[in-house]
Amino acid sequence: MTPDDFGSLYQRWLAGIRQTTDTLEDWALVGIKRRGAVLARRLLDDLGDSAGSGGPGPAYGELDISLYRDDYHLQTGAPAVLGTEISFEVEGKSIVLIDDVLYTGRTIRAALDLILDFGRPRRIWLAVLVDRGNRELPIEANFTGEFFETERNDRVQVRLKEMDDDYDGVDLTSFVETGA
Amino acid sequence: MNWNRKHLLGLEDLSREEIIELLDTAEGFREVSTRSVKKVPALRGRVVVNLFFEPSTRTRTSFELAGARLSADVLNFSGSSSSTSKGETLNDTALNIEAMGVDIVVVRHSCSGAAYQLSQVLGCSVINAGDGAHEHPTQALLDIFTIRQHKPDLEGLKVAIVGDVSHSRVARSNIWGLQKLGAEVYAVGPSTLVPNGLSRLGVKVSHNLDEVLEEVDVFNMLRIQKERQERGLFPTIREYAKLYGLNGERMKRVKEDALVLHPGPINRGVELTPEVADGPRSVILDQVSNGLAVRMAALYLVGACGPQGGQVESQRASGGES
């Protein structure tokens, strides 16, 4: 995927999210560390500017789901604890949860449990840049940049210039693309 | 990730990277205590036993709460009310408790090496919560964590451990840990409690607190035990307080940003006067709250390498894909 392709993928995704968030009040962008948080910061810049009717922009937070994983007993070592940063009141907020790739759905399950430990939000939407199928839990995204048909063994890696050698892209190893 | 140890027995055999990993992990746990639900499911279904053969309130409570915040089941077992008073050996007591299906044993014992011994006979993880005059790793880690909060770069930092260094496991763990992070450690106290041989550990020995007062960045004031005076290691508590206690007068001479630590419980008027203990340079209560985060980190890191961990390869890379 070329940087231009990535750019238009991101713009499509952004436009879809904006349609919903433009009419929101009292809402928050919450990214799942690490790449979901990088994407959430980009969205904060792009959505914050157009904060609807001049109201205050969204609140912002980042989640570290390492303590909420369900495969803890299968790991060879403890996943690194990066820390969760939620400094706003979750109670009653509308939350747009951001991640880069939606796969088994287990990370999202963990993220939902983590958010609920901070309080009871009004509702939660899920926005993912890439959906690669192969779900193991009944979880779907509200906003998807692009869907890729993949096998379990395929690798799908979103690259972001903030953390990956200065370029944006989606690396797909051994996959069959549909549609697009 | 710089951690693949099943036990936490002391800081002497940990590398600099492992100590930093533990401190950084503790940093990530501090936020948990600020939530409305102060609990994470990381150790759900695991059993932690506090096996304490010496009286302790704060360390045991701290481990108990740390285990609870990680959703582990925590049992307390104290030596005085137990079968050891009926003649059972340490190994037998521990093996019996382990047979009930325990994942982590946190042990405090008056014999140096007790935690190591249990790590050899038990199949589960062992955390040393103080063994004789040997080590007390989580106390030293919380001391270092607290220092790091105020002084992020420990390289070249001058840390004085004042008091009964000779009999102190807190001092020993602090010396190992601080030196690995590049700090310069001073041992200060009367020669009966701070023998010159300590300099072989790379420590700067001084028998005169006033002599080092102005150059030290951090004072870690050890608790003085009355038994030591009864054994004739120093003449009187009053004389000790006068020579080695921190008071308002001495605080006027220390560096402006000096820190005062104390592992507790404080003998007010002996190691510290109340104006110092409750004063602006004191970080004693920070030590207690940081202790919780450090013990959560210790339980979490050894727990992942426990009996169930480390056997099956992770089915997918961590992070990146959901």
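The values are calculated or read from the model by the stated rules, or taken from the named source; none is laboratory data. Keep in mind that what you see is a predicted model, and the values were worked out from it rather than measured. All Cβ positions, glycine included, derive from the backbone under ideal geometry; neighbour counts span all protein chains shown. For the accessible areas, the whole protein counts, side chains as well, though only heavy atoms, and no ligand, DNA or RNA atoms are used. Shrake-Rupley method; radii C 1.70, N 1.55, O 1.52, S 1.80 Å.
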Review point. Given H placed 1.01 Å from N in the peptide plane, which residues other than close sequence neighbours of B:V205 have an amide H under 5 Å from its amide H?
Key: B:A187
Exercise for review: Could you go through region A:88-104 in sequence order and give the Karplus-derived ³J(HN,Hα) for each residue, using 6.51 cos²θ - 1.76 cosθ + 1.60 with θ = phi - 60°, rounded to whole Hz, and x for Gly and Pro?
Suggested key: 9, 6, 6, 3, x, 7, 8, 10, 9, 8, 10, 9, 7, 10, 9, 10, 6
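Report the charge-dipole magnitude of chain A in Debye, nearest 20, computed about the Cα centre from +1 at each Lys and Arg Cβ and -1 at each Asp and Glu Cβ.
Here the size comes out at about 400 debye.
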**Study point:** Of the trypsin sites (Lys or Arg not before Pro) in region B:101-158, those whose Cβ has at most 10 other Cβ within 10 Å and which sit in DSSP loop
**Key:** none
Exercise for review: Please state, to two decimals, what the Cα-based radius of gyration of region B:203-295 comes to when divided by 2.2 N^0.38 Å (N = residues).
Suggested key: 1.11
Point to revise | Placed amide H near B:L8: partners under 5 Å, 5+ positions off or other chain | key: B:V126, B:I127, B:N128
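Suppose R0 equals 25 Å; then what is the FRET efficiency for A:T173 and A:L137 from their Cβ-Cβ distance, rounded to the nearest 0.05?
On the way: r = 24 Å, r/R0 = 0.96.
The calculated FRET efficiency here is 0.55.
Once the mean 1/r over all distinct Cα pairs of chain B is inverted, what Kirkwood radius in angstroms do you read off? Mind showing how you got there, number by number?
Working: mean 1/r = 0.0490 Å⁻¹.
20.4 Å is the Kirkwood radius here.
Based only on Cα atoms, what Rg/Rh ratio does the protein assembly as shown have, Rh being taken as Kirkwood's radius?
On the way: Rg = 26.5 Å, Rh = 25.2 Å.
Result for the protein assembly as shown is an Rg/Rh of 1.05.
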Check your understanding: What are the residues whose amide H is under 5 Å from the amide H of A:A28, where those residues sit 5 or more places off or on another chain and H is modelled from the backbone?
Key -> A:A59, A:S94, A:I95, A:V96
Exercise for review: Can you work out the accessible area per residue across region A:3-173, with the rest of the protein chains kept in place, probe 1.4 Å, in square angstrom?
Suggested key: 43 Å²
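Which value at 222 nm does the protein assembly as shown reach when only helices count, each DSSP H run of 4 or more adding -39,500 (n - 2.57), with the total divided by all residues and rounded to the nearest 500 deg cm²/dmol? Display every interim value, and only then the final one.
Values: 15 runs with 161 residues, N = 502.
About -9500 deg cm²/dmol.
In what sequence, highest mean first, do B:15-23, B:129-137, A:35-43, A:3-11 appear when ranked by Cβ atoms within 10 angstrom? Working shown, then result.
Numbers: B:15-23: 17.4, B:129-137: 24.8, A:35-43: 22.9, A:3-11: 13.8.
Taking the mean over residues of other Cβ atoms within 10 Å, the ranking is B:129-137, A:35-43, B:15-23, A:3-11.
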Study note, to complete from the structure: With all protein chains present, the protein assembly as shown has a carbon and sulfur share of its accessible area (1.4 Å probe) in percent of 47 percent
Practice item. Could you check which residue among A:D26, A:D165, A:D46 shows the biggest mean-square fluctuation in a GNM of chain A with a 10 Å Cα cutoff? Key: A:D165
Exercise for review: Could you order peptides B:2-14, B:178-190 by the average number of other Cβ atoms within 10 Å of their residues, highest first?
Suggested key: B:178-190, B:2-14
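Across peptide A:65-72, how many C-beta atoms of other chains are within 10 Å of each residue C-beta, on average? Before the final figure, lay out each step's value.
Values: counts 3, 7, 13, 4, 3, 2, 5, 11.
For this peptide, the per-residue mean of nearby foreign Cβ atoms is 6.
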**Study point:** FRET efficiency estimate (nearest 0.05) - Cβ-Cβ, B:N91 to B:N196, R0 60 angstrom
**Key:** 0.95
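Please average, across the residues of B:37-43, the number of beta carbons from any other chain that are within 10 Å of each residue's own beta carbon, and give a whole number.
Working: counts 6, 1, 2, 9, 9, 8, 2.
Neighbouring Cβ atoms belonging to other protein chains average 5 per residue here.
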Point to revise | Integer Hz, Karplus 6.51/-1.76/1.60 couplings in order for region B:249-257, x for Gly and Pro | key: 4, 5, 5, 5, 9, 6, 4, 4, 9
Check your understanding: Under a 1.4 Å probe, what is the accessible area of chain B per residue, stated in Å²?
Key -> 41 Å²
Check your understanding: When Cβ neighbours within 10 Å are restricted to other protein chains, what is their mean count per residue of peptide A:77-90?
Key -> 6
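List the relative contact order of chain B as a percent without decimals, with contacts defined as Cα pairs under 8 Å and 6+ residues apart.
20 percent
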Review point. Gaussian network model of chain A, Cα springs within a sub-10 Å range: biggest mean-square fluctuation belongs to which of A:R122, A:R12, A:R106?
Key: A:R122
Practice item. Decide, for region A:3-173, between rounded, prolate and oblate: order the square roots of the alpha carbon gyration tensor eigenvalues as a ≥ b ≥ c, take rounded if a/c falls under 1.5, and otherwise choose prolate if a/b is larger than b/c, else oblate. Key: oblate
Review point. When Lys and Arg each count +1 and Asp and Glu each count -1, what net charge do the other residues less than 11 Å away from B:P263, Cβ to Cβ, add up to?
Key: +1
Study note, to complete from the structure: Expressed as a percent, the portion of alpha-carbon pairs in region B:234-284 spaced more than 19 Å apart is 21 percent
